[in-house]
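K.L.:
Here it is: the structure, laid out below.
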Amino acid sequence: MDKSVFDRFKYFMERETPVFESYVMRKANGEKLDIETLPPDDLQEMFIDEEIIDGVIADLFDVEQKVVTRKRYKNGIKLGQTLSRKSIELIENMSKVIETRDVSEGVEIVLIPINIIIHPVADLIFAPYRVLENSGRKYPFYDYEDLKEVDTEAFCVRISRVKREIESLLDEIIEFLWEYEWETEVYFERDSDNKVSVSAILFADENPAAAKINLAVSLQISGLHKSGDLIFDTEYDLRTGSLSFRTEGCDFEIDVDDIRDLFLECWSSADHYVQIQNEIETEIENEN
């Protein structure tokens, strides 16, 4: 018996995984495992009930991960419909239904953005704003004429930080797509600090085969909107791999070409998913 096989997969056998363990035992005893003869029921048991991911199953059977994924798809094995995250603020952000904060109490300082400046060489997005002292007005974000100006400051965030947030959320979405069946809209959100908010909706209009990702990037510059100031949003077609950027209707005037040039590379994981998905579907069609 080859003890190294147990050492290789022992982490995944610490919980109750009888089907997976049985194949580990067979491999440790010298049997050459064949993914083609793996019964669909065993694959479903490992993937669904024992929560063994494709990459680990592929490692056990000494094949590429996409071979396991293709076998799952062919046998209709995916996790049940699951919504990742839902929040009313996300819905507001994506649909541009924006509620102002209840500023009737406790707002002493009002921030009025002057402009937004993107400086790729310095890896910075910054927005200077006027700092006004509220005199007790109920809606100072809108009624700020003649308020006393106490300072001029600037919001600042690194472009690379925004890129990481986008890439991280897209990685989460792609991981979800590999593992889950879904029918209704699925909501995703990243709001890891008080500066950057990235949110997305996975949806499929009338045709379930034509799924799209609508992803928006907001920055907490003015404090006017609960979900932040919308900088740009995007739509990615998971069937064709086409990506469009939009800045119309956002909270600042920004050249859409500048945004596209800066952030286009963030969608590489989605491009890879579309490529692999098309390969799997083509192989299944050819087999049929």
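The values are calculated or read from the model by the stated rules, or taken from the named source; none is laboratory data. Small disclaimer: the values here were computed from a predicted structure and weren't measured. Cβ atoms come from the backbone with ideal geometry, glycine included; neighbour counts cover every protein chain shown. Ligands, DNA and RNA are stripped out before the accessible areas are found, and what is left, the full protein with its side chains, is counted by its heavy atoms. Shrake-Rupley method; radii C 1.70, N 1.55, O 1.52, S 1.80 Å.
K.L.:
On a 1.4 Å probe surface of the protein chains, which of 234, 247 comes out largest in accessible area, and what is the full order?
P.N.:
From most accessible down to least: 247, 234.
K.L.:
Pop a pseudo-label 7 angstrom from the Cα along the beta-carbon direction at both residue 131 and residue 41 and give the gap in nm to one decimal.
P.N.:
Output for this residue pair reads 7.0 nm.
K.L.:
Something else now. Could you state how much accessible area residue 168 has, in square angstrom rounded to the nearest 10, with a 1.4 Å probe and all protein chains kept in place?
P.N.:
40 Å²
K.L.:
Got a sec? What order do 13, 1, 25, 46 fall in by accessible area at 1.4 Å, biggest, i.e. largest, first?
P.N.:
The residues order as 1, 25, 13, 46, largest area first.
K.L.:
Let me understand the stretch 212-288 better: what is its radius of gyration from the alpha carbons, and its Dmax, in angstrom?
P.N.:
Rg then Dmax for the stretch 212-288, in Å: 16.5, 57.
K.L.:
So what are the ³J(HN,Hα) numbers for the stretch 267-283, from phi and the Karplus equation (6.51, -1.76, 1.60; θ = phi - 60°), rounded to whole Hz, Gly and Pro as x?
P.N.:
Working through the residues one at a time gives 8, 4, 5, 5, 4, 5, 4, 4, 4, 5, 4, 5, 4, 4, 5, 5, 5 Hz.
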